[in-house]
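See below for the structure under consideration.
The values are calculated or read from the model by the stated rules, or taken from the named source; none is laboratory data. Every value quoted in this text rests on a predicted model; they were computed, and no experiment measured them. All accessible areas refer to the heavy atoms of the entire protein, side chains included, with ligands and DNA or RNA removed. Shrake-Rupley method; radii C 1.70, N 1.55, O 1.52, S 1.80 Å.
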Amino acid sequence: IHGITGTPSEMGYLGRKIHKAGYSVMCNTLPRHCSTLGELRKATWHEIADSCARDLGQLKRDYRQVFVGGLSMGALMSVHLAYQFPDDIRGIIALAPTIFYDGWSLQKGKIFLKLAWKIPFLRNHINIRESWPYGIKDEYLRQHFQRFYKGASSSKFDDKVMLFGSPFFPISSLYQHSLLTEAVKKEISSVKNPILILHAREDDMTSLKNARFVLDNIGSSDKSLVVLEDSYHMITIDQEKDKVAREIINFLNRISK
């Protein structure tokens, strides 16, 4: 499950590695994503959850065991699905789970954001332009994202949105993420499925506190946290993407036996 305002492309490298290891992989575009900014603003967490539940149902019809995993918001959605369908999910993969936007690059303007998303008019009309370092420590890759994001217009999306994700973060999306977070906080202690958590120590968007919250509060007895030392938030495409893939494949191999 990709991140909110993100795209399946951010999961592509990881998906190919997992598929090469012998597993079938599904990563659909979340509702209203990879389209216009106006559509993205309308996306609700319930709409996203319903879409993911339908995908889970389809996989359960075709496969004996199904794992769920995701990046950022997708990690929380995976926990939510495990709460809803505990018997249908063999294990959870939580990549950079995002509960608190408390990363080192987001210290400015946090008070304004919390006020703005509580006011319907503001949260439905204000967009935040994605800014440096774009969740990426790999300098070469970051330059490609920077060229796209800096030249992007909120009134005109092009086909590169499918590749790079939305260059703008609607406050309405932050608000929906916050609603999902509050739901998951209430559900997480009841989730017993095995879980693997991966998080970068230098995550620019969400500190390691997020991963430790999941680790400490989830009801699973089989749970582990892998801390990455050379990545930022987008761990599926950043400098340790191969390590992320290896850790996930090892987890899948162990749990699926």
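With the chain treated as a Gaussian network of Cα nodes joined by springs under 10 Å, which of D138, D87, D204 yields the largest mean-square fluctuation?
Comparing D138, D87, D204 in the GNM, the peak value goes to D87.
How far is helix 45-62 tilted, in degrees, relative to the longest principal axis of the Cα atoms in the chain, given as a value from 0 to 90 rounded to the nearest 10?
Approximately 30 degrees, to the nearest ten.
Among A94, A21, A75, determine the one that fluctuates most according to a GNM of the chain built with springs between C-alpha atoms less than 10 Å apart.
A21
Show the residues, 5+ positions off or on another chain, whose built amide H is closer than 5 Å to the amide H of G69.
For G69, the qualifying residues are I93.
Considering the chain as a Gaussian network with a 10 Å cut-off on Cα pairs, which listed residue, Y23, Y63, Y101, attains the greatest mean-square fluctuation?
Greatest mean-square fluctuation among the candidates belongs to Y63.
Considering only C-alpha atoms, what is the centroid distance from the stretch 1-66 to the stretch 201-257, in Å?
A separation of 18 Å, based on Cα centres.
Show me, for the stretch 240-257, the HN-Hα J-couplings you get by feeding each phi into the Karplus relation (A = 6.51, B = -1.76, C = 1.60, θ = phi - 60°), rounded to Hz, glycine and proline as x.
Values per residue, Gly and Pro as x: 10, 4, 6, 5, 4, 4, 4, 4, 5, 4, 4, 5, 4, 4, 5, 6, 7, 6 Hz.
List the residues, sorted by chain then number, that are 5 or more residues from L228 or on another chain and whose placed amide H is less than 5 Å from its amide H.
Residues meeting the amide H criterion: H199, A200, R201.
Enter the accessible area per residue of the chain (Å², integer; probe 1.4 Å; all protein chains in place).
Per-residue accessible area for the chain comes out at 48 Å².
Divide the volume of the convex hull of the Cα atoms of the stretch 1-51 by its number of residues and quote the answer in cubic angstrom per residue.
For the stretch 1-51, the hull spanned by Cα atoms encloses 65 Å³ per residue.
Can you match Cα extents along the principal axes in Å to one of these, (i) 49, 38, 33; (ii) 76, 39, 36; (iii) 51, 51, 45, based on a calculation from the structure here?
It is the one labelled (i).
Using protein chains only and a probe of 1.4 angstrom, how many square angstrom of E187 are accessible, to the nearest 10?
The accessible area of E187 comes to roughly 20 Å².
Report, by chain and number, residues whose modeled amide H sits under 5 Å from the one on F169, excluding near sequence neighbours (fewer than 5 apart, same chain).
I128, R129, E130
Once every DSSP H run of n ≥ 4 in the chain is given -39500 (n - 2.57) and the sum is divided by its residues, what mean residue ellipticity at 222 nm do you get, rounded to the nearest 500 deg cm²/dmol?
Using -39500 (n - 2.57) per qualifying helix, the result is -14000 deg cm²/dmol.
For the stretch 176-190, just list the computed ³J(HN,Hα) in residue order, Karplus coefficients 6.51, -1.76 and 1.60, θ = phi - 60°, integers in Hz, with x standing in for Gly and Pro.
So the J values, rounded to whole Hz, are 5, 4, 5, 5, 4, 4, 5, 5, 5, 4, 7, 8, 4, 5, 8.
Please give the helix 208-217 orientation as an angle from the longest Cα principal axis of the chain, in degrees from 0 to 90, rounded to the nearest 10.
Approximately 40 degrees, to the nearest ten.
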